[in-house]
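**Q** Okay, handing you the structure first.
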Amino acid sequence: MANLELDNPFLEDLGASLTEWRAGYAEVALPIKPSHMNRQRILQGGVVATLLDAACGYAGLFSESDEKIHGFTLSLTVNYLDRGIGDTVVAKGFIERQGKSVFFCRGEAWIDGRLLIASAQGTFKYARSR
């Protein structure tokens, strides 16, 4: 298992943590706080999309070495399936296909490990070294 440091100021400020990371899979967890809610006091959809984007992206950026691999999102489609009411949301990213410059992922967002609230499909590109 790799170092589970997010190394992403936005996600860290949101309160997210990388809880599992291995080849082809990543998990990002977030304790739900009032600041993550929308007007209906339900987990805001943008928070869910952010976590799915992160989990899917990290799934393709795993490295056995200390080398940091970077990438960026080309497209992300999110389908919201249920309301986000609970204590913790966990986004899971799974590699579906991986090429030399682009990879494809699917994602799932779960509330308290019991309710699937969203699914996602994404296309990501590896960033070139500068």
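Just so you know, all these numbers are worked out from the coordinates, no wet-lab data involved. Just so we're clear, the structure is a prediction, and the values are computed from it rather than from any experiment. Using ideal geometry, Cβ is built from the backbone for each residue, glycine included, and neighbour counts are taken over all protein chains shown.
**Q** How compact and how long is the chain, expressed as Rg and Dmax of its alpha-carbon atoms in Å?
**A** Both quantities, over Cα of the chain: 14.1, 44 Å.
**Q** Can you list residues whose amide H is under 5 Å from ILE32's amide H, if they're 5+ apart or on another chain and H is modeled 1.01 Å from N?
**A** Under 5 Å from the amide H of ILE32: THR88, VAL89.
**Q** If you don't mind, there's one more thing I want to ask. For a quick check of your reading of the filter: which GluC sites (Glu not before Pro) in region 62-130 sit in a DSSP loop and have no more than 11 other Cβ atoms within 10 Å?
**A** Details: sites: GLU64, GLU67, GLU96, GLU108; in loops: GLU64, GLU67.
Sparse-neighbourhood loop GluC sites (Glu not before Pro): GLU64, GLU67.
**Q** Could I ask something else about it? Can you tell me the relative contact order of region 12-79? Whole percent, Cα pairs under 8 Å, sequence separation 6 or more. Don't jump to the answer; show the numbers that get you there.
**A** Details: 67 pairs, mean separation 19.6, N = 68.
Relative contact order here is 29 percent.
**Q** Then there's this: Tell me, what ³J(HN,Hα) does each residue in region 38-50 have, in order and in whole Hz, if you take phi through Karplus 6.51 cos²θ - 1.76 cosθ + 1.60 with θ = phi - 60° and put x for Gly and Pro?
**A** Going residue by residue, I get 9, 5, 8, 6, 10, 3, 5, x, x, 5, 4, 4, 4 Hz, with x marking Gly and Pro.
**Q** Towards the positive end of the charge dipole of region 9-126, with charges on Cβ (+1 Lys, Arg; -1 Asp, Glu), say which of GLY71, ALA59, ILE117 has the farthest Cα.
**A** Toward the positive end, the furthest listed residue is ILE117.
**Q** For the chain, give the magnitude of the charge dipole about the Cα centre (Cβ charges: +1 Lys/Arg, -1 Asp/Glu; no others), in debye to the nearest 20.
**A** For this selection, approximately 480 debye.
**Q** While we're here: Would you mind computing Rg(Cα) / (2.2 N^0.38 Å) for region 37-109, counting N as its residues? Walk me through the numbers before you get to the answer.
**A** Numbers: Rg = 14.0 Å, N = 73, 2.2 N^0.38 = 11.2 Å.
Normalised Cα radius of gyration, region 37-109: 1.25.
**Q** Another one. Identify the trypsin sites (Lys or Arg not before Pro) of region 1-79 meeting these criteria: DSSP loop state and at most 12 other C-beta atoms within 10 Å of the C-beta.
**A** ARG39, ARG41, LYS68
**Q** Then there is this: Which cross-chain or sequence-distant (5 or more) residues have an amide H under 5 Å from the amide H of GLY84, H modelled 1.01 Å from N in plane?
**A** HN-HN under 5 Å from GLY84: LEU43.
**Q** So what is the 222 nm mean residue ellipticity for the chain from helices alone, if each DSSP H run of at least 4 adds -39500 (n - 2.57) and you divide by all residues, rounding to the nearest 500 deg cm²/dmol?
**A** Numbers: 2 runs with 21 residues, N = 130.
After summing the helix terms and dividing by residue count, I get -5000 deg cm²/dmol.
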